[in-house]
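The structure under discussion appears below in the form of structure tokens.
The values are calculated or read from the model by the stated rules, or taken from the named source; none is laboratory data. All of these numbers come straight from a predicted model, not from anything done at the bench. In this analysis, Cβ positions are derived from the backbone assuming ideal geometry, glycine residues included, and neighbour counts consider all displayed protein chains. Accessible surface areas use protein heavy atoms only, side chains included; no ligands, DNA or RNA. Shrake-Rupley method; radii C 1.70, N 1.55, O 1.52, S 1.80 Å.
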Amino acid sequence: MQLSRHAIDKLETYGICGDRLISWQEAFEQGQRHLDLSTAATVVVTVWENRPWIAILSQDEERVITTYPTDHRTVTNRLGAGRWINPNT
């Protein structure tokens, strides 16, 4: 998976580079994909270093456009409210 310049900058802001970047990428590959109904974006949610992270993918799903840490409550709320759904539905 490719990272946009913006995604790289965001990860560097959080001190994620080198071995930590490799670890983040491995966790990202195991993440759950969702469709955000409000933006039509594909969202990947993964837990890395005991914290949920969100990655927003490009339309072709070949690049991470942006990524940021979040919290379990936000993930639960977006799934529970139906904002994020399984992309196969």
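Quick notes on this one:
- Sulfur and carbon atoms: percent of accessible area, the chain [1.4 Å]: 48
- Computed [θ] at 222 nm, helices only, for the chain once each DSSP H run of length n ≥ 4 contributes -39500 (n - 2.57): -9500 deg cm²/dmol
- Rolling a 1.4 Å probe across the protein heavy atoms gives the chain an accessible surface of 62 Å² per residue.
- Using the Cβ-Cβ distance between Glu12 and Glu61 with R0 = 22 Å, the FRET efficiency computed as 1/(1 + (r/R0)^6) comes to roughly 0.45.
- Loop-located GluC sites (Glu not before Pro) in the chain (DSSP state not H, G, I, E or B) with no more than 15 neighbouring Cβ atoms inside 10 Å: Glu49, Glu61, Glu62.
- In the chain, the convex hull through the Cα atoms has an average projected area of 5.6 nm², a quarter of its surface area.
- Modelled FRET efficiency - R0 30 Å, Ala27 with Arg83, Cβ distances, 0.05 increments: 0.85
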